Amino acid sequence: MLRPSEPHETATRFTTSSLTRPTRAFPPFPLRLDSIARTAVLCALPLFAACAESSAPQPDVLLVTIDTLRSDFLSTYGYPRKSTPNLDALADQGAVFENHYTTIATTAPAHATLFTGLFAREHGLTKNGQSLSAELTNLPNIFREHGYRTAASIGASILGSKHGFATGFDDFDEDFGESVLRPSGKSGKYERYAQSVVDRAISLAQKPGDRPLFLWVHLYDPHEPYAPPIASPLKPEDNLAFFRKRAEPSKTYNRELLGRMLAGYEAEVYYVDREFGRLLDAWDKRPTGPNSLVVVTSDHGEGLGEHSYQGHGFLLYDEQVRVPLILRLNGRVNAGTRVDAVSSAVDFGATLLELAGIGDLPGFRGRSLFSDSGRLTRSKPVFAERRFFTEMDLERSDALRKLTNTYAERAIGSIGEKCVLIDDGWKFIWNESGRHELYHLVEDSREAANVIAKQAARAAEMLAEIEVWRKRESRTQADEEPADSETESMLDALGY
Ligand SMILES: [Zn+2]
């Protein structure tokens, strides 16, 4: 069973507004006033300008997924150095979702969620090297069915045609030629710099045609190794002062190592922002550019020493699961909007479809982050998960072996399943070991103090809620399905 038949149980919408939107009528949703997250001051404010149905053409859509981009390294999200001037400019022109979460901190499963509106346990792609099922309703197919030309330029072959991600695209550029190698020594065959991805994307965007265009651009650069092709103009300095808000030097990651990781990652973020700026300049010079929908998000964040871990996919703390979401649609989304309400990538696809005037569709678990009245929906509980990890997985990974020697995993356990529920400012991490965690994100943004013993009633309530979510869909694809040898080589080269 690949398609869920139930709507999102926890969806919440406002229904009162005089604004009009060119969308179909929505079914009634239950209103849950008990699940308003941390802050929702903007929930009652309209994000859209009024727009008459008859005058709304289908906008071109530029979707940029920047791999491994944690939101707190963007200056528009509060990073203290000017790391992302081009993304900041986009943010000023549109809406920024301050508390946005991926559903799983692994590249292919997270992108599958963006394209299908399903959790990994529902779409069945739970780890890299597996393939997106052609049976699922997916975003590019929907755009194509609604008259769009669909095109993509990607930065890593985990998201290539071999793994089902070219489905629905008229043009799909995945040419990882020798001239565009990344310098990691062995991975050049499977990835390429943003400069190359953007060059190809600009060519695709400039291809003549009379249909509206849906263009997906995937930039892989912030992923390890932290080795951009240009030097960052952000001069080396002691940026640990900012970072200390999230991580302290530890036995595993001393001050020097932390500083090196930070500088390398920051330089990657700066580089990928520069290339994004080049792409957006070219995009906006097209006649339809200024009135297009531009969306930037990421598949997951990156641990940089927090919780004694570097990388992503294994833990569910914010550094790995909290990602940017920025969107611009001139004349529809008010410039400078900042959304504090918690939001999830499971709602991403439906949001895009609604903004493009297509509306949401059967087969999508997610629901648009905007109501049919043009207002942001209230915060609702957000779920995320990681794939099942075995003893053998831990043995094979340097990072995981290091982690199992630290306090965090000795205390919590590392084998099996983990999932998380974020609601009303609280974060509950469910661990297969039974040693669950509870953090108050407002008071403890570093997720350092597990207060599950002190907050027993809240913990019991959240445990019950997450158990319901866990049981809703059983996993549909075996986690241990063997990969072929070429896929194994790719995963090894990319560092998985
Ligand atoms: Zn990724």
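A few notes on this one:
- Every pair of residues 6+ apart whose Cβ atoms lie under 7 Å, when the first sits in segment 205-218 and is in the same structural domain as Gly160 (by TED's automatic domain parsing) while the second is among the aromatic types (Phe, Trp, Tyr): Ala205/Trp283; Arg211/Tyr148; Pro212/Tyr148; Leu213/Tyr148; Phe214/Phe143; Phe214/Tyr148
For (1) within 21 Å of Gln455 (Cβ to Cβ); (2) crowded, with 19+ Cβ neighbours inside 10 Å; (3) modelled with pLDDT of 80 or more; (4) not basic (Lys, Arg), each residue gets a yes or a no:
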position: Ala350; (1), (2), (3), (4): no, yes, yes, yes
position: Leu355; (1), (2), (3), (4): no, yes, yes, yes
position: Ser368; (1), (2), (3), (4): no, yes, yes, yes
position: Ser371; (1), (2), (3), (4): no, yes, no, yes
position: Arg375; (1), (2), (3), (4): no, yes, no, no
position: Met392; (1), (2), (3), (4): no, no, no, yes
position: Glu409; (1), (2), (3), (4): no, yes, no, yes
position: Lys427; (1), (2), (3), (4): yes, yes, yes, no
position: Trp430; (1), (2), (3), (4): yes, yes, yes, yes
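- In this structure, Arg458 does not qualify as charged (D, E, K, R), under 30 Å from Lys251 (Cβ atoms), at pLDDT 70 or above and not assigned by TED's automatic domain parsing to the domain that holds Ser133.
- Residue pairs whose Cβ atoms lie under 6 Å apart, separated by 6 or more positions or on different chains, with the first residue in segment 160-173 and in the same structural domain as Arg192 (by TED's automatic domain parsing) and the second of a type in the set (Asp, Glu), are Gly160/Glu174.
- Flag if Asn128 is at pLDDT below 95, farther than 24 Å from Asp199 by Cβ, touching a helix residue (DSSP H, G or I) at 6+ places or on another chain (Cβ under 7 Å) and more than 16 Å from the ligand (Cβ to nearest atom): no
- Output for segment 259-310, where each listed residue is of a type in the set (Phe, Trp, Tyr), assigned to a helix (DSSP H, G or I) and farther than 21 Å from Gln206 by Cα: Tyr265, Tyr270, Tyr271
- Of the listed requirements (1) surrounded by 24 or more Cβ atoms within 10 Å (Cβ to Cβ); (2) within 16 Å of the ligand (Cβ to nearest atom), Thr297 misses just one: (1).
- Matching residues in segment 300-319 - criterion: being more than 15 Å from the ligand (Cβ to nearest atom) and among the acidic types (Asp, Glu): Glu306, Asp318
- Segment 131-175, residues that are hydrophobic (A, V, I, L, M, F, W, C) and away from the ligand (no atom under 16 Å from the Cβ): Ala134, Leu136, Leu139, Ile142, Phe143, Ala151, Ala166, Phe169, Phe172
The values are calculated or read from the model by the stated rules, or taken from the named source; none is laboratory data. Remember, predicted model here, so these are calculated numbers, not experimental data. Every residue, glycine as well, gets a Cβ built from its backbone with ideal geometry; the counts of neighbours run over all protein chains shown.
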